[in-house]
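Laboratory data are not the source of any read-out in this text; all were calculated from the coordinates shown. Predicted model only: the values in this text are computed from it and were never measured. Neighbour counts run over all protein chains shown; Cβ positions are idealised from the backbone, glycine included.
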Amino acid sequence: MSALKRVIQALGIALLALLATQVSAQSYGTPVTLDAAKKIAAASAVEAKRNNWNVAIAIVDNHGFLIYYEMMDDTQTISANLAIEKARTAAMLRRPTKALEDATNKGRVSLLGVPGLLPIDGGLPIVMGGKIIGGVGVSGAASPEDAQVAKAGLEGLK
């Protein structure tokens, strides 16, 4: 077996181990609609503005494809991509990006080598009827504040 194949296999095993130790994954449902995505973004923006945080907000469907995006004025440039990647990670891994951040901080640095995973707080799965329908990602403030904004967005769906 080539070295690259062994590395990929090891990363896959590490990812499966992480998934087994985190919140049990739910199955995917019908993807988030544009109207629901706009509601999430609007509620997120209200929370960010209330706290004077300039953020980017991204909503993806249950497969990680971008449905809706907005970036507040004077948001740091790197946040544009980070918000999308946080949303994708949360949707495709079916758990908050904070779970990956925590696992990495506890020594699972192999996760850093898995393509498409962003282990930084601020991405949350969107769950309806017990099914993952998408993900919301926020970037621009400190990571826990990004998560606070994303959570406020999900509250906007209720």
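Neighbouring Cβ atoms within 10 Å as the yardstick, rank VAL109, VAL136 fewest first.
On the way: VAL109 12, VAL136 35.
So the residues, fewest neighbours to most, are VAL109, VAL136.
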Mean-position separation - Cα centroids, segment 84-143 and segment 26-68, in angstrom
14 Å
Would you calculate the separation in nanometres between label points at ASN52 and ASN81, each defined as 7 Å from the Cα along the Cα-to-beta-carbon direction?
3.0 nm
Just need the Rg to Rh number for segment 50-149, please, alpha carbons only, Kirkwood Rh.
0.97
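Going by how many other Cβ atoms sit within 10 Å of their own, how do ASP73, ASP61, ASP102 line up, fewest first?
ASP73, ASP102, ASP61
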Within segment 88-158, how many Lys pairs that are eight or more residues apart, or on different chains, come under 22 Å at the alpha-carbon?
5
